[in-house]
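The values are calculated or read from the model by the stated rules, or taken from the named source; none is laboratory data. Quantities reported herein were computed from a predicted structural model and do not represent experimental measurements. No Cβ is skipped: glycine too gets one built from the backbone with ideal geometry, and neighbour counts run over all protein chains shown. Ligands, DNA and RNA are excluded from the accessible area calculation, which covers all protein heavy atoms including side chains. Shrake-Rupley method; radii C 1.70, N 1.55, O 1.52, S 1.80 Å.
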Amino acid sequence: MSYNQETSKMVAAVALSVCVGVTLGVFASSPATSLFAPAAVRPAVAARPMAATAPVSYVRAAAQNEYYAPEQAQYSAEEAVEQVQYVQSAPASPFNWLAAALFAASAATGAAFLMMKKRVVSGYEAIRDEPTAIITGAGKAAGIAATSAVLATSANAASLTYDEKMSLSYNEMRGSGLSNTCPIIADGTGNKLSLKAGSYTIDQMCLEPSSFMVKSPSADGKTVTDFEKTKLMTRLTYTLDGIRADLNVGGDGSWALKEKDGIDYAATTVQLAGGERVPFLFTIKNLDAKGDAGQFIGQFDVPSYRGATFLDPKGRGAATGYDTAVALPAGSAGDEEELAKENAKVAAGSVGTIAFKVAKVNAETGEVAGVFESIQPSDTDLGAKAPKDIKTSGVWYAQIAQA
């Protein structure tokens, strides 16, 4: 279903809700109904005969009180007449029906808007939970108009093509969440890009994670543990973008890719179910991958989460600061190794592995897109603790051109 058809249905739903709300408002304010008390009660009270008998509450009180005087049981007819006259004199403004109708119409319109917003957000979450939905083009259903009109004030945003993102102004991008998304391919021609042997350049490469999982090392170092689901604590700043790389295609169709530069790292933090937070540097620095037009696998460098000049709360660092946190380090207490980990800061990097799979290409524009999965170590607090394995999966996009 096209975007125009979806918009027409939503507009029709809002119009129907407004009509129903106005009708209910007019009905609620009609004198023939009992929903508006002054107009409905007036004829009924006027036709009811006046009774000078005591109310039921007075009779019950008299039965329970032996000192109840007979003259107190007489109900004042004049008081009853005054109460009826007070009800009959209630003002009946001609604008009561209009106020009730506008209130009902506003409630109906608000309900319709909330349904529209919930539908858009649900679609966004479905796309993010299933990355292949973006590759097949499901993420383009909203389009530029929906992004600027409905999602401009929301952090949740549907993905757009590269040309659509470049056509948006700064005000349209600000606060929409689009800067943290990778472009999609609207019109694909297959899942493999046929390239002749030679040198190529990869530009505008983008990696957008959709899930982060953590595997903690076992206490004994022998038990195999599984990856656990996490909660993302970082704001929308974890996508890698603008990455450039060199691509060499062999005569047998093999690919050899080497990353050059770009926004190729992002400091990210996730939280485990028990509340522990795990910081890590999501990156593909110096990626060296090999494969073919369908998929390629490689390794990359993972820099230290903290730099060599970072000082901990006790003033210790790898390249600067104090060597130890105490004047005379303790010895022969069995904790020399633990103290050494805290004192001797290590800012050395590590290595991660990533696999790319091509799912959609556009031979005319040289665009490729697919899914990826990487495994890399987490932060070690400059060597003070053992790293955890981080599994990151999501979607990626790139543009390939002749060198």
Which residue pairs have Cβ atoms under 8 Å apart, sit 6 or more places apart or on different chains, and have a first residue in segment 337-355 that is under 30 Å from residue 296 (Cβ atoms) and in contact (Cβ under 8 Å) with a residue 40 or more places away in the chain and a second that is among the acidic types (Asp, Glu) and open to solvent by 40 Å² or more (accessible area, probe 1.4 Å)?
349/301; 350/301; 351/301; 352/301; 354/373; 355/373
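Looking at segment 274-286, can you tell me whether even one residue there is over 24 Å from the mean Cα position of the chain (by Cα) and in a strand (DSSP E or B)?
At the first step, the residues of segment 274-286 found to be over 24 Å from the mean Cα position of the chain (by Cα) are 284-286.
From what is left, the residues that are in a strand (DSSP E or B) are 285-286.
Yes, some residue in segment 274-286 is over 24 Å from the mean Cα position of the chain (by Cα) and in a strand (DSSP E or B).
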Can you name the residue in segment 312-327 that is out of contact with any Lys or Arg (no Cβ under 8 Å at 6 or more places or on another chain) and open to solvent by 80 Å² or more (accessible area, probe 1.4 Å) and, of all such residues, is modelled with the lowest pLDDT?
327
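Could you pull out the residue among 191, 248, 286 that is open to solvent by 30 Å² or more (accessible area, probe 1.4 Å), at positive phi and out of contact with any His (no Cβ under 8 Å at 6 or more places or on another chain)? Let's see the steps before the verdict.
On the way: 191 fails: at positive phi; 248 fails: at positive phi.
Answer to the selection: 286.
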Neighbours by Cβ (under 6 Å, 6+ apart or cross-chain): first from segment 194-207, farther than 13 Å from residue 256 by Cα; second part of a strand (DSSP E or B) and of a type in the set (Gly, Ala, Ser):
205/398
Scanning segment 287-323 residue by residue, those over 31 Å from the mean Cα position of the chain (by Cα), acidic (Asp, Glu) and part of a strand (DSSP E or B) turn out to be 288
Checking the structure you have, find out if any residue of segment 235-246 is modelled with pLDDT of 95 or more and polar (S, T, N, Q).
yes
Do the conditions hold for residue 262, that is, is it touching a residue at least 24 places away in the same chain (Cβ under 8 Å) and loosely packed, with under 12 Cβ neighbours inside 10 Å?
no
